[in-house]
Amino acid sequence: MQDKMTERTLTIAKGIQEGKRRALAQGISIIENEPDQRQALISYVHEKTGRACTVGITGSPGAGKSSLVNMLTKAIRERGLTVGIIAIDPTSPFGTGALLGDRIRMSDHRDDAGVFMRSLATRGSMGGLSLAVRDTIRLFDVYGADFILVETVGTGQTEVDVMGVVDTTVLVLTPGAGDDIQTLKAGIMEIADVFAINKADLDGAQKVAREVEGMLALQRGVTPAPDIVMTTVKDAATQVSLLDAICAHRERLQEGGADSAWKSAQVDGEIREIILETLTRDVKKSLATSDSYRALIEEVVRCRIDPYSAAETFLAGYPTRDEAET
Amino acid sequence: MADRPYRVLVAKPGLDGHDRGAKIVAKALRDDGFEVIYTGLRAQPEHIVATAVDEDVDVIGVSLLSGAHNRLCAKLLEQLEAEGMGHVPVFLGGIIPDDDIAPLKALGIKEVFGPGASTVDICRKIRDMLANPAVVD
């Protein structure tokens, strides 16, 4: 099934390993645009991955994710470590366009060769986004980034997906967002390894922290409880505390022996996603070219058969992958 | 390559802090299906080039109202070439005197859009520019 690695992809793969910036940028484009070469590229680099510390930054729009990433990057750079940033912004639901604006907050680092930032659009997701993020993380890892920060779009279901791809998830909360404990309960609360109560210089920040503490006290089985860190862009020391909490979480992951179970669950999720995405792509291709499927549509339109029977008929005649290959 | 969205960098070099025009063009390109990366204000040519490399963009749009377009564009094009990004077309918008347009194009700027240019026109010309490899390469 795997397509042959082209000369160009091989050059890019080698360039990434040698720490070449342009090669990394081109590699990420392959991940986004060329599924077959993506597979070849990832196969080539995979054995050299797993070194970097990966952190997801999630939270509602305007919570301060980009600003936190900017400050966190500064704290990491002060420890002499390099940073890769993946900033995700939404694609329009009405087309393919996207405005990727997270760079504006990152201007502190634009002269720093130790920071590489790439903006990704969600591109209608199709389940493919978290795969693209995982593979982009791999390339950053091989390129040599010590820390990889993934900044998600504003919170929602997809963020939970994306969070399955990083080691440590930071949930950014802010005061003044209302007593929306109900929305916290709905799932996003469960994915946080570290809570950052941002804009901590504003009134109500302590109240948010207490509410989170209260929620955690009610939540059983989460041990150890996630750290809660007060953060504000006005005080760089708070970013150091956040970085410390992230590092402490990572240490717990690795020490606790939980490492392998947690890693297996991540890999399980990824392989399932690849299988589903591959099948979806195959079926879509087949639907697009099938005359018998077109005939089935007509049958349903004329009320001769129902849509479920039509689907069943199509699937009954659907070739398995082995047959399709030959 | 038409099966993926084009990536465009909207850049605001130099010292002028007026980016309404850049934002309008960014929004128009977004609505036309482009993935638009905006540098923010006061990006130096070297920042723009570094961003173009990292984001692997297909095209760069530069907005300039300060009068420093001749110098900044020359620097930008020169550094793009030096970083192996000379194939990326650059278009320009803002306040550009008519007399400067021909020299800027001779320098390598693909198109200049002045006040009153329609966003529909801008999007179409950029798309044409990208679809026509003879111009791109």
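FYI, it's all coordinate maths here, none of it is from the lab. None of these values were measured; they are calculated from a predicted model. Note that each Cβ is placed from the backbone with ideal geometry, even for glycine, and that neighbours are counted across all protein chains shown.
Rounded to the nearest 20 Debye, what is the dipole magnitude of the protein assembly as shown about its Cα centre when Lys and Arg each give +1 and Asp and Glu each give -1 at the C-beta? Before the final figure, lay out each step's value.
Values: 52 positive and 68 negative charges, 118 e Å.
The calculated dipole for the protein assembly as shown is roughly 560 debye.
Among B:Leu104, B:Leu9, A:Leu72, what is the fewest-to-most ranking by other Cβ atoms within 10 Å? Show your work: numbers first, answer last.
Numbers: B:Leu104 20, B:Leu9 28, A:Leu72 25.
Result, fewest neighbours first: B:Leu104, A:Leu72, B:Leu9.
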As a check on your grasp of the helix formula, calculate [θ] at 222 nm for the protein assembly as shown: sum -39500 (n - 2.57) over DSSP H runs of n ≥ 4, divide by the residue count, round to the nearest 500. -16000 deg cm²/dmol
Highest-MSF residue in chain A out of A:Arg110, A:Arg304, A:Arg138 [GNM, Cα springs under 10 Å]: A:Arg304
Write down the percent of antiparallel bridges among all DSSP beta bridges whose residues are both part of chain A, to the nearest 5. 5
What aspartates and glutamates sit close enough to A:Lys4 to cross-link, taking a C-alpha to C-alpha distance under 16 Å and skipping anything fewer than 8 places away on the same chain? A:Glu34, A:Asp36, A:Glu325
Ranking of A:Cys247, A:Cys53, A:Cys303, B:Cys73 by count of other Cβ atoms within 10 Å, fewest first: A:Cys303, A:Cys247, A:Cys53, B:Cys73
Of all trypsin sites (Lys or Arg not before Pro) in segment B:26-111, the ones in DSSP coil with at most 14 other Cβ atoms within 10 Å are B:Arg42
Dipole of chain A, positive end: most advanced residue of A:Trp262, A:Ser292, A:Ile274 [Cβ charges, Cα centre]: A:Ile274
Treating only Lys and Arg (+1) and Asp and Glu (-1) as charged, each at its beta carbon, one finds that segment A:1-136 has a dipole about its Cα centre, in Debye to the nearest 20, of 260
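What average number of partner chain Cβ atoms lie no more than 10 Å from the Cβ of the residues making up A:86-98?
Mean partner shielding for this stretch: 4.
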Cut-off is 10 Å between beta-carbons; in what order do B:His47, A:His249, A:His46 appear when sorted fewest neighbours first? A:His46, B:His47, A:His249
Across peptide A:116-123, how many C-beta atoms of other chains are within 10 Å of each residue C-beta, on average? 4
If a paramagnetic tag sat 7 Å from the Cα of A:Ala113 along the Cα-Cβ line, which residues of segment A:16-35 would have the backbone N under 11 Å from that point? A:20-21
10 Å Cβ neighbours from other chains, averaged over peptide B:44-54: 4
Taking springs between alpha-carbon atoms closer than 10 angstrom, which of B:Pro89, B:Pro115, B:Pro13 fluctuates most in the Gaussian network model of chain B? B:Pro115
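Holding the Cα-Cα limit at 30 Å, pick out from A:Lys285/B:Lys23; A:Lys234/B:Lys12; A:Lys65/B:Lys23 the pairs that are longer than that. Present the calculation step by step, with values, prior to reporting the outcome.
Values: A:Lys285/B:Lys23 38 Å; A:Lys234/B:Lys12 27 Å; A:Lys65/B:Lys23 22 Å.
Cα-Cα > 30 Å for A:Lys285/B:Lys23; rest within.
Given the pairs B:Lys105/B:Lys125; A:Lys74/A:Lys263; A:Lys48/A:Lys284, which are separated by over 24 angstrom at their Cα positions?
Exceeds cut-off: A:Lys74/A:Lys263; A:Lys48/A:Lys284.
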Selected from A:Pro61, B:His18, A:Ile85, residue furthest toward positive end of dipole (the protein assembly as shown; charges at beta carbon): B:His18
